[in-house]
Amino acid sequence: MKLATIESAKKESHVAVLTLDNELLDLTALRAVMSVAKKVPARMRDLMGGGDAALAAVQSCIDGVAAMSADEREVLYGSGVLQAWDDASFLPVVPDPSIILSVGMNYRAHLEEMVSIPIPKYPPAFLMTHPALNGHRRPIIVPPQCPDMIDWEGELTFVFGKDCHNVSEEEAMDYVAGYTIANDVSARDWVGAFFGASEQFEVVSAWDRNLLGKQLPTFCPCGPVIVTKDEIPDPHMLQLTTTLNGNVVQSTRTDDLIFNIPQMVSYFSKFYRFSPGDIVTTGSPSGVGAGRKPPVFMKPGDVIEVDIEGIGKLSNTVALA
């Protein structure tokens, strides 16, 4: 099942599901037509936390619409309850997670391209600010204060479906509800200072500024859908491809991850209490702009797309404010 959060004509956040005909069924708007839709939570984080019962209600909605006559479906089109994929306005797939955790330095080949960084003993990560969240086909805004070194990082992302704190690796996957895509966009202005630092506190300060370059508004596009866990047999064997203006810049399989998802869930849950709908980006593979010789960075008008096997394609255009 592929779930999305879309924006209604009234600029409201609605949960939706992709049908077999590649159409989006607005489950929130469907409540006015079909009583079973009222069993579907109105927010994605609540839908993620609703477990099998909530997903069963979604499936009942899909089945109910599929059984409608052509005339009845036409009414749904006219009211926007059914939408063509290309006509939908996507919001961040979870607009309001309590935690957005971004894991870094988690692909072997990426560490090699970034001046041969050694493999870390523990998975490093940082918290992302909510204003950084962005949706599919929405613009990545060029920050006027640091416009020249904007980089891409296509990343497999997982979404929690249960409250999760201090769990083992063996039980970790029970807390994962599904998978989506993120682009951990980064202003690389401070990377050089980090690699050039030598004194201990100089290194800490430079790394902190590097992380600030990932917090800018619109810098974390996420979506376009969450694919439920049952549709991805092994998230560690997926092809990830990022293109810039149609040219491949990242191409890898997720088996290059240093820390797998059970390890990440177990480790970070020792510190955080995750809630349904919380998202964790799992790190960028090799091929980032800063790792190229010479470096390549995004500019206004560029189109950056991240495609992950079994999930879909996240697409954004870089734009001036």
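The values are calculated or read from the model by the stated rules, or taken from the named source; none is laboratory data. Keep in mind that what you see is a predicted model, and the values were worked out from it rather than measured. Here the Cβ is made from the backbone with ideal geometry for all residues, glycine too, and neighbour counts use every protein chain on show.
Residue 174 falls short on exactly one of the conditions (1) closer than 23 Å to residue 227 by Cβ; (2) in contact (Cβ under 8 Å) with a residue 40 or more places away in the chain; (3) of a type outside the set (S, T, N, Q), and that condition is (2). Figure legend. Inter-residue proximity from the stretch 204-223: first residues over 23 Å from residue 320 (Cα atoms), second residues part of a loop (DSSP other than H, G, I, E, B), beta-carbon distance below 6 Å, spacing 6+ or different chains. Indicated pairs: 206/197. Residues that are free of Cβ contacts under 8 Å to residues at least 60 places away in the same chain and farther than 17 Å from residue 160 by Cβ were ranked within the stretch 240-291; the one that is surrounded by the most Cβ atoms within 10 Å (Cβ to Cβ) is 251.
Those helices (runs of 4 or more DSSP H) of the stretch 15-109 in which 1 or more residues are buried (at least 19 other Cβ atoms within 10 Å of the Cβ), under 24 Å from the mean Cα position of the chain (by Cα) and of a type in the set (A, V, I, L, M) occupy 44-49, 51-66.
To keep it simple, each residue is scored yes or no on (1) in contact with a helix residue (DSSP H, G or I) (Cβ under 7 Å, 6 or more places away or on another chain); (2) within 28 Å of residue 163 (Cα to Cα); (3) modelled with pLDDT of 95 or more.
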residue: 4; (1), (2), (3): no, yes, yes
residue: 7; (1), (2), (3): no, yes, yes
residue: 27; (1), (2), (3): yes, yes, yes
residue: 57; (1), (2), (3): yes, yes, yes
residue: 64; (1), (2), (3): yes, no, yes
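Kindly establish whether residue 114 is outside the structural domain of residue 312 (by TED's automatic domain parsing), surrounded by 14 or more Cβ atoms within 10 Å (Cβ to Cβ) and of a type outside the set (Phe, Trp, Tyr). Here the answer is no, as residue 114 does not meet what is asked.
Can you confirm whether the stretch 185-192 contains a residue that is closer than 24 Å to residue 237 by Cβ, of a type in the set (S, T, N, Q) and in contact with a Gly (Cβ under 7 Å, 6 or more places away or on another chain)? Steps first, answer last, please.
Kept after step one, since they are closer than 24 Å to residue 237 by Cβ, are these residues of the stretch 185-192: none.
No, the stretch 185-192 contains no residue that is closer than 24 Å to residue 237 by Cβ, of a type in the set (S, T, N, Q) and in contact with a Gly (Cβ under 7 Å, 6 or more places away or on another chain).
Condition first: more than 16 Å from residue 194 (Cα to Cα) and among the β-branched types (Val, Ile, Thr). Now tell me which residues in the stretch 106-130 satisfy that. Result: 119, 129. For the stretch 191-208, the condition of being buried (at least 20 other Cβ atoms within 10 Å of the Cβ) and either hydrophobic (A, V, I, L, M, F, W, C) or not in a strand (DSSP E or B) (or both) holds for at least one residue. Scanning the stretch 133-189 for residues that are touching an Asp or Glu at 6+ places or on another chain (Cβ under 6 Å) and buried (at least 19 other Cβ atoms within 10 Å of the Cβ) yields a count of 7. The set of residues in the stretch 28-55 that are closer than 23 Å to residue 98 by Cα and of a type in the set (A, V, I, L, M, F, W, C) comprises 40, 42, 44, 47, 48, 53, 54, 55.
Within the stretch 206-245, how many residues turn out to be hydroxyl-bearing (Ser, Thr, Tyr) and out of contact with any Asp or Glu (no Cβ under 6 Å at 6 or more places or on another chain)? Selection size over the stretch 206-245: 3.
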